[in-house]
């Protein structure tokens, strides 16, 4: 079964150089950063989050159980999204209007569940972490999920 789970966050810094050098350097740095973060998320997503959260030991005791529950629930949602995408890939050449509507409904329902999960997780984190760190987690996850979605979208042909 095809899986389209990749991850990551984008961050690139540029030194003060001429405009042409900055653009070329930024493009290369961004590409390296995106790919390195994708690789890190594939092999050690938890480590990637840990390095970027900068938690105190006390915060970590409260954060990791919430994170683990979030990842477990998110994995189920991602499986549903992937199932809808695989249905599309398998039916692409013979896609009917009814099938297209069903696939769209399944995918949107999974997206809504992901939003609800993020909201639920933010509420849990907001009660146990400083607000900035709770938001930082959402930013990290948003960047990872955005790259995952981009990678999927890049490979998916439009419905004919």
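The values are calculated or read from the model by the stated rules, or taken from the named source; none is laboratory data. What you see is a predicted model; the values in this text were computed from it and never measured. Reconstructed Cβ throughout: ideal geometry from the backbone, glycine too, with neighbour counts over all protein chains shown.
Per-structure values
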{"read-out": "Residue within the range 73-87 that is exposed (fewer than 11 other Cβ atoms within 10 Å of the Cβ), modelled with pLDDT under 90 and within 20 Å of residue 147 (Cβ to Cβ) present", "value": "no"}
{"read-out": "Filter pass, residue 46 being under 14 Å from residue 141 (Cα atoms) and exposed (fewer than 12 other Cβ atoms within 10 Å of the Cβ)", "value": "no"}
{"read-out": "Residue 122 vs. criteria closer than 30 Å to residue 159 by Cβ and crowded, with 17+ Cβ neighbours inside 10 Å", "value": "no"}
{"read-out": "Hits in the range 108-160 (condition: under 28 Å from residue 96 (Cβ atoms), at pLDDT 95 or above and in contact with a helix residue (DSSP H, G or I) (Cβ under 7 Å, 6 or more places away or on another chain))", "value": "113, 114"}
{"read-out": "Single condition residue 141 does not satisfy, out of (1) under 16 Å from the mean Cα position of the chain (by Cα); (2) more than 16 Å from residue 68 (Cβ to Cβ)", "value": "(2)"}
{"read-out": "Flag if residue 100 is surrounded by 13 or more Cβ atoms within 10 Å (Cβ to Cβ) and either in contact with a helix residue (DSSP H, G or I) (Cβ under 9 Å, 6 or more places away or on another chain) or part of a helix (DSSP H, G or I) (or both)", "value": "yes"}
{"read-out": "Of all residues in the range 54-73 being in contact with a helix residue (DSSP H, G or I) (Cβ under 6 Å, 6 or more places away or on another chain) and part of a helix (DSSP H, G or I), the one that is farthest from residue 133 (Cα to Cα)", "value": "73"}
{"read-out": "Residue within the range 128-135 that is part of a helix (DSSP H, G or I) and surrounded by 16 or more Cβ atoms within 10 Å (Cβ to Cβ) present", "value": "yes"}
